[in-house]
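Structure, as structure tokens:
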């Protein structure tokens, strides 16, 4: 599992919370590296250790490249800022509190507005079974029809209902949402679905006939993806550790 990070602000929070702050801040910087950002919009959250009805999220108004461990804000499910000097995005609060309320088994939620993710979210066909990555997550994906979460409490309830026991949501006409027990797990799912969306957009844009793997092979890949759920996967953590090393080389200020 991930190596604990040294704390820079020993009086501000527990060791466990500081470790999570560093991991979540790193995920914001990873979004920058992979080109998944949308100016100051979209949001990534993590449940506060020991306080299941509180979560960490980005200060609204900062670019993801400005996010670090110490400036993440702490918010409760009622929308009260527990710690931090900035407001939060109202839609972000609605979406993330809905996910964390509906799924006590998860601790992290990542939401993106990438070009490929939004493109596939607008396709009636949804995610096509044309790549290894799409087929690995086939049975982990759900769909949610468009609604405005920040002004509609019923929409928040529907978000949780539609996610149910899945781990990846394609939000119709909106973008992507993944959840996980850890930052590493949620990141892995977003990385996988984002790449699958990119290839799908490229294939459909080529306007040539595409091929799909045999149904039995697709079923086998999907079964492998299902079987990883609920257990610790070494390759998921290896991916995340590689990302952390990359970010450390680029700009370690996410740890501040």
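The values are calculated or read from the model by the stated rules, or taken from the named source; none is laboratory data. Being a predicted model, the structure only gives us computed values, none of them experimental. Here Cβ is always computed from backbone atoms with ideal geometry, including for glycine, and neighbour counts include all displayed protein chains.
Of the residues making up the range 1-22, those that are within 20 Å of residue 51 (Cα to Cα) and modelled with pLDDT under 90 are 4, 7, 9, 10, 11, 12, 13.
Here's the yes/no breakdown for (1) within 19 Å of the chain's Cα centre (by Cα); (2) more than 16 Å from residue 179 (Cβ to Cβ):
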{"residue": "57", "(1), (2)": "yes, no"}
{"residue": "62", "(1), (2)": "yes, yes"}
{"residue": "73", "(1), (2)": "yes, yes"}
{"residue": "78", "(1), (2)": "no, yes"}
{"residue": "83", "(1), (2)": "no, yes"}
{"residue": "98", "(1), (2)": "yes, no"}
{"residue": "114", "(1), (2)": "yes, yes"}
{"residue": "146", "(1), (2)": "yes, yes"}
{"residue": "161", "(1), (2)": "yes, no"}
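Cβ separations smaller than 7 Å between residues 6+ apart or across chains give the following pairs from the range 239-254 residues that are free of Cβ contacts under 8 Å to residues at least 60 places away in the same chain to residues that are surrounded by 14 or more Cβ atoms within 10 Å (Cβ to Cβ): 239/188.
Checking each residue in the range 11-39 for being closer than 18 Å to residue 117 by Cβ and free of Cβ contacts under 8 Å to residues at least 40 places away in the same chain picks out 32, 37, 39.
The number of residues in the range 67-88 that are without any contact (Cβ under 8 Å) to a residue 60 or more places away in the chain, within 17 Å of residue 39 (Cβ to Cβ) and crowded, with 17+ Cβ neighbours inside 10 Å comes to 1. Considering only the range 134-157, I want to know if a residue exists there that is touching a helix residue (DSSP H, G or I) at 6+ places or on another chain (Cβ under 9 Å), part of a loop (DSSP other than H, G, I, E, B) and buried (at least 21 other Cβ atoms within 10 Å of the Cβ). Checked the range 134-157: at least one residue is touching a helix residue (DSSP H, G or I) at 6+ places or on another chain (Cβ under 9 Å), part of a loop (DSSP other than H, G, I, E, B) and buried (at least 21 other Cβ atoms within 10 Å of the Cβ).
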